[in-house]
1. Find out how many positive minus negative residues lie around Leu165, taking Lys and Arg as positive, Asp and Glu as negative, among other residues whose Cβ is under 14 Å from that of Leu165.
2. For Asp106 and Arg71, FRET efficiency with R0 = 22 Å and r from the beta-carbon atoms, rounded to 0.05?
3. Rg(Cα) of segment 1-72 divided by 2.2 N^0.38 Å?
4. Rounded to the nearest Å, what's the spacing between the alpha carbon centres of segment 40-90 and segment 1-21? Just the number, please.
5. Which value at 222 nm does the chain reach when only helices count, each DSSP H run of 4 or more adding -39,500 (n - 2.57), with the total divided by all residues and rounded to the nearest 500 deg cm²/dmol?
6. Which percent of Cα pairs goes in each bin when the distances of segment 2-231 are cut into 5 angstrom slices starting at zero?
7. Would you mind computing, in nm to one decimal, how far apart the modelled labels at Glu26 and Ala55 are, each placed 7 Å from Cα along Cα→Cβ?
8. Starting from the eigenvalues of the Cα gyration tensor, five times each then square-rooted, give me the equivalent ellipsoid semi-axes of segment 132-203, largest first, whole Å.
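Every number here is computed from the coordinates shown, using simple stated rules; none is lab data. Keep in mind that this is a model prediction, so the values were computed, not measured. Every residue, glycine among them, receives a Cβ derived from its backbone with ideal geometry; neighbour counts consider all protein chains shown.
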Amino acid sequence: MLQVKNLTVHYGVIEAIKEVSFEVNEGEIVTLIGANGAGKTTILKTISGLVRPTAGEIVYQEDIIQKATPRAIVQKGLSHVPEGRHVFSGMSVMENLEMGAFLRRDKKAIRQDIKKVFDLFPILEERKDQDSATLSGGEQQMLAMGRALVSKPKLLLLDEPSMGLAPLFIEQIFRIIKKINEEGTTILLIEQNAAVALEIATKGYVLETGRIVESGAGKDLLQSEAVQRAYLGA
Ligand SMILES: Nc1ncnc2c1ncn2[C@@H]1O[C@H](COP(=O)(O)OP(=O)(O)OP(=O)(O)O)[C@@H](O)[C@H]1O
Ligand SMILES: [Mg+2]
């Protein structure tokens, strides 16, 4: 479904990503893990067209997309839930969800998809008329995911969905990620929380200062030295 080939990204003279290659097959949950500054967010931003690579190729469902606009990429069914949530403050929960459908015209199906988001996250329905800025951090995370789901993604990019959440919320968010996947959405997940991410992932890649240093099946990777290094400073 997604192939990233020899991707290199610079910020000015700094090479943030160095010839990174990986792939995501339809139906999988793939996780990218790595320490702060390893380049995880940069990879997601490059896939969704927000950052331009200096070299390499990104193929999504047989289209080469590294020169496509973010809008065209969303239109192809690729949605990005950015780091740090980014809900639209000053707008209600419902209005935020409707923003997720800005490229869709099928009003009735949009209603049904918003209803599905409320089934996944009942708290959002209770808060639907509330200004999104007044939601708790965990609720904002749910809203950001809900908004992405309303765009009907085939591939969902999630940038650290558990950041800053209490253990109970983390468990809930991961259960929902799994459920979204089981209902047919492929997922590329970035996480600090390597143990939980590798638990639900089909496969994972470990990123160290812009390079992939290890990859493998989710649970095997947890034992690897690269993961220990990234998270435990070993
Ligand atoms: N717009 C930018 N301009 C210059 N350097 C940047 C920019 N964005 C990111 N970087 C640098 O690129 C490197 C990779 O950053 P990135 O945000 O991709 O890391 P990350 O793996 O997502 O880290 P974290 O876990 O802390 O979110 C870092 O050294 C960062 O300082
Ligand atoms: Mg990041």
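1. Its environment carries a net charge of -4.
2. 0.80
3. Computed over Cα atoms of segment 1-72, the ratio equals 1.06.
4. Value for the Cα centre distance between the two parts: 13 Å.
5. -10500 deg cm²/dmol
6. Pair shares across the bins are 1, 7, 15, 19, 20, 17, 12, 7, 3, 0, 0.
7. 3.3 nm
8. 18, 16, 9
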